[in-house]
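Notes follow the structure.
The values are calculated or read from the model by the stated rules, or taken from the named source; none is laboratory data. Because the structure is predicted, anything quoted here is derived from the model rather than measured. With ideal geometry, Cβ positions are generated from the backbone for all residues, glycine too; neighbour counts draw on all protein chains shown. Note: areas computed on protein heavy atoms with side chains; ligands, DNA, RNA excluded. Shrake-Rupley method; radii C 1.70, N 1.55, O 1.52, S 1.80 Å.
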Amino acid sequence: MFSSFRRFLLGDPLNPLNPNARKNISLIALFAWIGLGADALSSSCYGPEESFLALGVHAPLALYVMGIMVVTIFIISFGYNQVIELFPSGGGGYKVASRLLHPYVGLVSGAALLVDYVLTIAVSIASGTDAIFSFLPVTMVPYKLYVEAGAIFLLLVMNLRGLKEVIRILLPIFIGFVVVHFILIVYGIAAHSKGLPTVVPATIQETSQFAQAVGWISVLGLILHSYSLGAGTYTGLEAVSNNVQRLAEPRVKTGKRTMLYMAISLSFTAGGLILLYLLWDAHPVPGMTLNAVVFHSILGDSSFGHAALIITLALEAGLLFLAANSGFAAGPSVLANLAVDGWVPNRFRHLSNRLVIQNGLILYGFAAAGVLYITSGKVSVLVVLYSINVFITFSLALLGISVYWIKHRVTPAWKWHFLFSIFACLVTTSILCVTLFYKFAAGGWLTILLTSSLVVICIGVKSHYQYVANKLEAHSKILIQPLVEKHSPPFAIDPTQPTAIIFVNHIGVGIHTLLSIFRLFPNQFKNFIFLSAGAVDVESFSADSEIETMQTHVNQLLDYFVRFCQQNGYPAEGYALFGTDAVEELKKLIDTVDLKYPNAIYFTSQLVFRKENMVTRLLHNQTPLILQHYLHFRGRELMILPMRI
């Protein structure tokens, strides 16, 4: 019953070895703009508002902020086009910093992205819920957290089914948001077109008067303060570079087209909203977002206007929930890339049978729910935490691109690429510094503490994995026996004879298991059968060649053990299966060989540490124990041989 419900909820499994599997879940530019670009576009629902409100009575200065904001969007977008071109397999800011600067710099960028995507989900859900509650009675406010928790759960389930299915479901919301906001912005500006000629003179006059009263440094400081608080507007622009591997071929071209769509739509919406705030003299109203206030002014108090306002705010909420989905789409990918490099537990690189990173999705869902609970869903607090980490990643990625062009001066155009990259890096670093300066005490310290703590944890995980790898390498050099060049003729297997069935996934560990059997049970077993499962994870699923490499490695591993036994006079066979879950594939192999070899005992090895604790259990899978339970339930024996580390 549970399996049927789970399949109904998450959908039928996908075959990762099917050549069409990647094609079926890859995204064309339009779908990528919707699924990944929604994060950037949705930031117009809170970024411009934070900037405008920070100006207070000096609202006319928002014109400067609007101009700088639009320019910044295109600078960052064009800068990330180079990231897409240099790293078409995805990874974004993390891979740029790791490969072009230093692995530890990449870790800082990756840790910032991990926190950033948790906050992407949290701030988008919180802001979307604010939009919904803008047209609900104030008495409903205490129920906001429950709505936010329900939204996270719904998005989590949808993402466990697969990204493309989520996009198809939410496509009407995205298109509706773009169309409705385009109409309202154009109509709102046209309706107050008589005020347009006065906007620039009013800004100049306000600047002059304010400068005379407090000085030019204070004027510049206020503009920078407002600009930094609107830094949330630029978040999400890196999502495409983190997920290039999800895009349809040609990936680079699709990625660049998606970035262009994002830059145009975000600059128009964010800039247009600030202009509407100025033209319609928007002021904050308790219980309503500034967008709700200005749209209410544009649409009026008629029944049609009220209905249109509800639809508009509902679309904003829907887009914000879709933006939260981009956190679910991109965050686990960053986590998987960190897992591939050994910074976080290996289990976060594994795909589910729906070809999504299930462990990462679940972690992000619970983490986002926790952040919302701790901050009570306050957008003003979340945006500060959110923006700082985003601009850490922006700055490091663009610095990495700048270093790349200095080292690769092979074309005459390298100077222009370098100058643009370093300029973009200076822009993003300036925003980061200003945001930290103004908002360090208001929550900026917390995001720095969280990111730094995560970096320390990742270094500890990496050190542990490196220690284990060194130990296994030392064991392998001692234990691995060379094979003779001449192939021994295969020995006929008698399935009725006593048989040792051995699970192998590492040559050194496998040899340890085999030699232990020889030592503990001399001349007991007449046949040796080797089972191995290849896991199609994030790294191997990135391209057909990677899957072939993984399959070749597994087959060569089995071939070594079979040949080793045969040259020592023992009949041997090897069996392999490939899928997203190695344990499930091993269970299938058990079902296959169990019928053929009735007099068999299963063997595997498990790493044993001097001090077993929760950390070692988390960092190393419990495959031997799972297989032991499976076999014991079937009435068969599995002996787990310890391998001390």
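Spin-label model, Trp414 to Thr139: label points 7 Å out along the Cα-to-beta-carbon direction sit 7.1 nm apart.
Remark: the stretch 34-138 carries 24 Å² of accessible area per residue (probe radius 1.4 Å; ligands, DNA and RNA excluded). For the stretch 521-645, carbon and sulfur atoms together expose 53% of the accessible surface, with a 1.4 angstrom probe and every protein chain in place.
Both numbers refer to the Cα atoms of the chain; Rg and Dmax are 28.8, 99 Å. Each of the peptides 182-188, 629-635, 295-301, 525-531 was scored by the mean count of other Cβ atoms within 10 Å over its residues; in descending order, highest first, they stand as 525-531, 295-301, 182-188, 629-635. Rolling a 1.4 Å probe over the protein heavy atoms gives the stretch 239-389 an accessible area of 32 Å² per residue.
Taking 26 Å as the limit for the C-alpha separation, the pairs Lys256/Lys462; Lys462/Lys588; Lys95/Lys462; Lys471/Lys611 exceed it in the case of Lys256/Lys462; Lys462/Lys588. Just to confirm the number: angle between the C-alpha axis of helix 62-86 and the first principal axis of the chain, 0 to 90 degrees, nearest 10? Helix 62-86 sits roughly 20 degrees off the main axis of the chain. Each peptide in 460-470, 335-345 gets a packing score, the mean of other Cβ atoms within 10 Å over its residues, and the list from highest to lowest is 335-345, 460-470. Using Cα atoms only, what is the angle between the long axis of helix 103-133 and the major principal axis of the chain, expressed in degrees (0 to 90) to the nearest 10? The angle comes out near 60 degrees. The slack between Phe74 and Asp594, meaning 0.36 nm per residue of separation minus the straight C-alpha distance, is 181.1 nm. For the stretch 415-499, the C-alpha radius of gyration divided by 2.2 N^0.38 Å, with N the number of residues, is 2.38. Multiplying the residue separation of Lys611 and Leu449 by 0.36 nm and removing their Cα-Cα distance gives an extension gain of 55.4 nm. Report, to the nearest 10°, how far helix 303-340 tilts away from the longest principal axis of the Cα atoms in the chain, using its own Cα long axis and a range of 0 to 90°. Rounded to the nearest ten degrees, it is 40.
Annotation: extensible slack from Asn523 through Ile204 equals 105.4 nm (criterion: 0.36 nm per residue apart, minus Cα-Cα distance). Annotation: peptides 277-285, 600-608, ranked by per-residue average of other Cβ atoms within 10 Å with the highest first, follow the order 600-608, 277-285. In terms of overall dimensions, the stretch 315-436 has a Cα radius of gyration and Dmax of 18.3, 54 angstrom.
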